[in-house]
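The values are calculated or read from the model by the stated rules, or taken from the named source; none is laboratory data. Everything numeric here is computed off the predicted structure, so don't read it as measured data. With ideal geometry, Cβ positions are generated from the backbone for all residues, glycine too; neighbour counts draw on all protein chains shown.
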């Protein structure tokens, strides 16, 4: 009897210890396409978010001394059902307070509609660029630290005209990202006097796109714009176009700017390629993040890594500002910590921010990827940079003005 009582008491003690440990922890989830058409791009993005959480925990965590954990979910990027399932697990099983992600626009929309919005969970995507997010009925819960493709399309159009390119054919992956980007590019290019001779959707996951390439080539365009993914249809289309000699020049969207593409297609074949991606303006935050990233073992210019760091840091600051380990109010606190007025907080300064918030003072986070003055739709301003392949790697040519 005594032995049974001792065992029961020990078990109760373990349960209490476990509950106490859980009470000392809050969770910010991360949703990304760890498998699928952007899988080679995801590791540095996830690492960017992890660097922010590491900094937060090194400063004692949030809400006194609560450590932050970051459970992850795989959206696959391309499967809306899996994105919804991954978000549901984070929201309803892991009980996250907020989410960094998702990355692909369709995955973000599915995760938001099926789990985050019903659960009252604030999301910040560091990579979803579709204009469709702007008009999402999200109860002010979905934000992003990357500019919309409505802007990237305009900037790509400017870049093409500046290079004397007046006619293009466009192929885009048939999802929210591809459709939004292609439409923005077509509209802006036409306004600047350019001609889109064809703009055709393609389905991801096929082994052969030669029929689609033949249709696009028949327009007479010598420049092909590919708005797709480096580990998916974009890679296959580019490789088959190079093999067939269908076009003499290629222009790629941000979903293609991956080292995996260089490995798969070859640096020599990509010589002279033009690409665009969201970049970080020259600011103190960008320089500080560059050191943080290098010390953390990632390339500070890896696509969306800086935006992911900012997303995670902003959510931690919002939780601290909100003052309680609950979901309600995080979105409102997010707008407060991200906007002027307030003392400027840079990357690497969570400990300073924590003290200011405790003292009842306002803060204004100026991030690794720029200012995050969220508008009414949760969108931010930003810059788009031109990319090309040089010496076997992606390099930034400069900001598109």
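Quick notes
- Test: residue in the stretch 107-119 that is in the same structural domain as residue 303 (by TED's automatic domain parsing) and under 20 Å from residue 350 (Cα atoms): no
- Within the stretch 360-389, restricting attention to residues that are farther than 14 Å from residue 337 by Cβ and free of Cβ contacts under 8 Å to residues at least 24 places away in the same chain, the residue that is surrounded by the fewest Cβ atoms within 10 Å (Cβ to Cβ) is 376.
- Qualifying residue in the stretch 228-240 (condition: out of contact with any helix residue (DSSP H, G or I) (no Cβ under 7 Å at 6 or more places or on another chain) and closer than 21 Å to residue 159 by Cα): no
- If you go through the stretch 375-401 and pick out every residue that is within 23 Å of residue 100 (Cα to Cα), assigned to a loop (DSSP other than H, G, I, E, B) and touching a strand residue (DSSP E or B) at 6+ places or on another chain (Cβ under 6 Å), you end up with 2.
- For the residues 342, 329, the requirement of being free of Cβ contacts under 8 Å to residues at least 40 places away in the same chain, out of contact with any strand residue (DSSP E or B) (no Cβ under 9 Å at 6 or more places or on another chain) and farther than 30 Å from residue 273 by Cα singles out 329.
- Residue 214 vs. criteria within 23 Å of residue 242 (Cα to Cα) and free of Cβ contacts under 8 Å to residues at least 24 places away in the same chain: no
- Residues located in the stretch 263-309, provided they are surrounded by fewer than 16 Cβ atoms within 10 Å (Cβ to Cβ), within 17 Å of residue 393 (Cα to Cα) and in the same structural domain as residue 58 (by TED's automatic domain parsing): 299
- Selection within the stretch 79-96 - part of a loop (DSSP other than H, G, I, E, B) and surrounded by 24 or more Cβ atoms within 10 Å (Cβ to Cβ): 96
- Of the helices (runs of 4 or more DSSP H) contained entirely in the stretch 267-348, those carrying at least 2 residues that are more than 19 Å from residue 139 (Cβ to Cβ) fall at 284-295, 305-322.
- Test: residue in the stretch 355-365 that is under 22 Å from the mean Cα position of the chain (by Cα) and assigned by TED's automatic domain parsing to the domain that holds residue 134: yes
- Residue 141 being touching a strand residue (DSSP E or B) at 6+ places or on another chain (Cβ under 9 Å), touching a residue at least 12 places away in the same chain (Cβ under 8 Å) and surrounded by 21 or more Cβ atoms within 10 Å (Cβ to Cβ): yes
- Scanning the stretch 184-193 for residues that are without any contact (Cβ under 8 Å) to a residue 40 or more places away in the chain and assigned to a helix (DSSP H, G or I) yields 186, 187, 188, 189, 190, 191.
- Annotation: residue 177 fulfils all but one of (1) in contact with a strand residue (DSSP E or B) (Cβ under 6 Å, 6 or more places away or on another chain); (2) buried (at least 23 other Cβ atoms within 10 Å of the Cβ); the unmet one is (1).
- Yes/no for residue 150 being modelled with pLDDT of 95 or more and surrounded by fewer than 22 Cβ atoms within 10 Å (Cβ to Cβ): yes
- Any hit, the stretch 52-63, residues being surrounded by 18 or more Cβ atoms within 10 Å (Cβ to Cβ), under 19 Å from the mean Cα position of the chain (by Cα) and modelled with pLDDT of 95 or more: yes
- Index of the failed condition, residue 219 passing every other in (1) out of contact with any helix residue (DSSP H, G or I) (no Cβ under 9 Å at 6 or more places or on another chain); (2) part of a helix (DSSP H, G or I): (2)
- The condition of being more than 25 Å from the chain's Cα centre (by Cα), at pLDDT 95 or above and on the phi < 0 side of the Ramachandran plot holds for only one of 168, 173, that being 168.
- Qualifying positions in the stretch 111-135 - over 15 Å from the mean Cα position of the chain (by Cα) and without any contact (Cβ under 8 Å) to a residue 40 or more places away in the chain: 113, 114, 115, 116, 117, 118
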